[in-house]
Amino acid sequence: MIENNIKNIRQRILLATERCQRDPKEVTILAVSKTKTTADIKQAIAAGQDCFGENYIQEGVQKIQFLANPGLTWHFIGSVQSNKSRLVAQYFDWCQSVNSLNCANRLNYQRTSFQKPLNILIQVNINNEQTKFGVSLKELSTLAEQVSQLPYLKLRGLMAIPALKETYHHQLIIYQKMSEAFQELQNVYTSVDTLSLGMSNDMEAAIIAGSTMVRIGTAIFGSRVQK
Ligand SMILES: *Cc1c(COP(=O)(O)O)cnc(C)c1O
């Protein structure tokens, strides 16, 4: 089932990129495996999936240690509590949810010099009043500048979890704002290449707006029991 689901996601990416004449290779699938077992993850690996996203730090670290597979890339996509940042810095390849200088400083300090720099996405709060996570577009350029100065971090781009809108048109307007902010960042920093936008229910709008990474949980692994 997981294998088929991944094939379906690839097909959806193909159709969405055809609609906007983008190269499907520009869009990476991040398999969001939170609450799912390592057996589920192994099925995804067998289907060719090699990057995974986790929201809960202890659960994520357990899976990383258990699978112990250097061919995999792990993205932390949950909120980084300050008492957990050390584990993010030690075990993950990416952190997609940096939203303050304090958080960036901690990760930079805790990343060890024999590791590659931790890849960083700044989380942007784009018209999403329900959650307080993420910086506003106004605060973005200052934080990006600060992150880009930190030697053990590598600024790769932006992440957002926009609230679903009533219409596809409204959705697209918001996603285009994200895409513009991403392009502005790319003009300043050569290391920036990733716009993490779109989940199971909204990946088409995100891809049409320019997303380079869709974070897919439910549509790959099935629905989750609420945690
Ligand atoms: C859970 C989660 C996802 C996956 O959502 P689905 O709707 O299951 O695809 C993507 N991004 C973040 C940040 C998440 O927490």
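The values are calculated or read from the model by the stated rules, or taken from the named source; none is laboratory data. None of the values given here were measured: they were computed from a predicted structure. Every residue, glycine as well, gets a Cβ built from its backbone with ideal geometry; the counts of neighbours run over all protein chains shown.
Any residue in the range 72-90 that's within 18 Å of L158 (Cα to Cα): show its pairings with residues that are acidic (D, E) and surrounded by fewer than 15 Cβ atoms within 10 Å (Cβ to Cβ) at Cβ separation under 8 Å, as long as the two are six or more apart or on different chains.
T73/D50
Quick check on my filter: what residues within the range 204-220 are near the ligand (Cβ under 8 Å from one of its atoms) and either at pLDDT below 95 or more than 20 Å from I120 (Cβ to Cβ) (or both)?
Of everything in the range 204-220, those that are near the ligand (Cβ under 8 Å from one of its atoms) and either at pLDDT below 95 or more than 20 Å from I120 (Cβ to Cβ) (or both) turn out to be I216, G217, T218, A219, I220.
Among the residues of the range 211-222, is there at least one that is surrounded by fewer than 15 Cβ atoms within 10 Å (Cβ to Cβ) and among the small types (G, A, S)?
yes
May I ask you to list the residues in the range 189-203 that are of a type in the set (F, W, Y) and within 9 Å of the ligand (Cβ to nearest atom)?
Correct list: empty.
Among (1) farther than 30 Å from K138 by Cβ; (2) part of a loop (DSSP other than H, G, I, E, B), there is one condition S82 misses while meeting the rest; what is its number?
(1)
Of the numbered conditions (1) part of a loop (DSSP other than H, G, I, E, B); (2) modelled with pLDDT of 95 or more; (3) within 16 Å of the ligand (Cβ to nearest atom), H75 satisfies every one except a single condition; which is it?
So H75 meets the others, but not (1).
Given the conditions (1) more than 16 Å from the ligand (Cβ to nearest atom); (2) at pLDDT below 95; (3) closer than 19 Å to M213 by Cβ, report the number of the one that A144 does not fulfil.
(2)
Sort through V192, V88 and tell me the only one that's surrounded by 20 or more Cβ atoms within 10 Å (Cβ to Cβ) and part of a loop (DSSP other than H, G, I, E, B).
Exactly one of V192, V88 is surrounded by 20 or more Cβ atoms within 10 Å (Cβ to Cβ) and part of a loop (DSSP other than H, G, I, E, B), namely V192.
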